[in-house]
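The values are calculated or read from the model by the stated rules, or taken from the named source; none is laboratory data. Just so it is clear, the structure is predicted and the values come from calculations on it, not from any experiment. We place every Cβ from the backbone using ideal geometry, glycine too, and count neighbours over all the protein chains shown.
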């Protein structure tokens, strides 16, 4: 989500006011180099494995446009938030958004053969553990001053079943179960030349269909030197 209005340094944003600070939302792929991440995250956490690339979709969709697709916040574990600043009746009732999400792959061989994108995941943002408002409220509870244009990412959006896993690491169960691609190929992790395509949209009877465009990028070989 892109922030639209700021909050003063030292002044947290209340949960029920949080969405007033949001300009709109887009699709985001915060690429992860898992081989580097496995080496550096203990004890440092991810640094180089996360800082090299981020891809976003071309459209920023306002929350007003997404109003017909609001839904109740539901969690698979049924847990409610145990801190007061992350709880409100409005957030629980309509804080989630039913945004359909799909992730597809193409390999160089598939593109040479003219094969279409092979979808490996279909899920919905309604399965997210935290709402947009909760993210803003939590990010500012320590007084952090968000600025117009700041970009906040939700993290991996996975549904309750394996086919709704929003990251290849989850989908392949840590690289143990390869994903089959057309033409006889398979993947546990991405390789040079692979192209990832994320799509997002909202649709239901009686409401306008809303698209987010495609969030697409190709893995290039590492630079020499």
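The selection criterion, being out of contact with any helix residue (DSSP H, G or I) (no Cβ under 9 Å at 6 or more places or on another chain), crowded, with 16+ Cβ neighbours inside 10 Å, without any contact (Cβ under 8 Å) to a residue 24 or more places away in the chain and closer than 27 Å to residue 37 by Cα, holds for residue 172. Scanning the range 2-13 for residues that are surrounded by 14 or more Cβ atoms within 10 Å (Cβ to Cβ) and either touching a helix residue (DSSP H, G or I) at 6+ places or on another chain (Cβ under 7 Å) or free of Cβ contacts under 8 Å to residues at least 12 places away in the same chain (or both) turns up 3, 4, 7, 12, 13.
The residues of the range 193-205 that are outside any strand (DSSP E or B), over 15 Å from residue 168 (Cα atoms) and in contact (Cβ under 8 Å) with a residue 24 or more places away in the chain, listed by number, are 193, 203, 204.
Out of all the residues in the range 66-86, which are at pLDDT 95 or above, more than 21 Å from residue 164 (Cα to Cα) and surrounded by 14 or more Cβ atoms within 10 Å (Cβ to Cβ)? Of everything in the range 66-86, those that are at pLDDT 95 or above, more than 21 Å from residue 164 (Cα to Cα) and surrounded by 14 or more Cβ atoms within 10 Å (Cβ to Cβ) turn out to be 66, 85, 86.
For the range 128-163, name all the residues that are assigned to a helix (DSSP H, G or I), more than 12 Å from the chain's Cα centre (by Cα) and either within 17 Å of residue 14 (Cα to Cα) or at pLDDT 90 or above (or both). Answer for the range 128-163, where residues must be assigned to a helix (DSSP H, G or I), more than 12 Å from the chain's Cα centre (by Cα) and either within 17 Å of residue 14 (Cα to Cα) or at pLDDT 90 or above (or both): 133, 134, 135, 136, 137, 138, 139, 140. As a summary of the residue check, residue 104 satisfies the conditions (1) over 19 Å from residue 155 (Cβ atoms); (2) part of a loop (DSSP other than H, G, I, E, B) except for the one numbered (2). Determine whether the range 211-225 contains at least one residue that is touching a helix residue (DSSP H, G or I) at 6+ places or on another chain (Cβ under 8 Å) and farther than 22 Å from residue 52 by Cα. Looking for residues that are touching a helix residue (DSSP H, G or I) at 6+ places or on another chain (Cβ under 8 Å) and farther than 22 Å from residue 52 by Cα, one finds none in the range 211-225, hence no.
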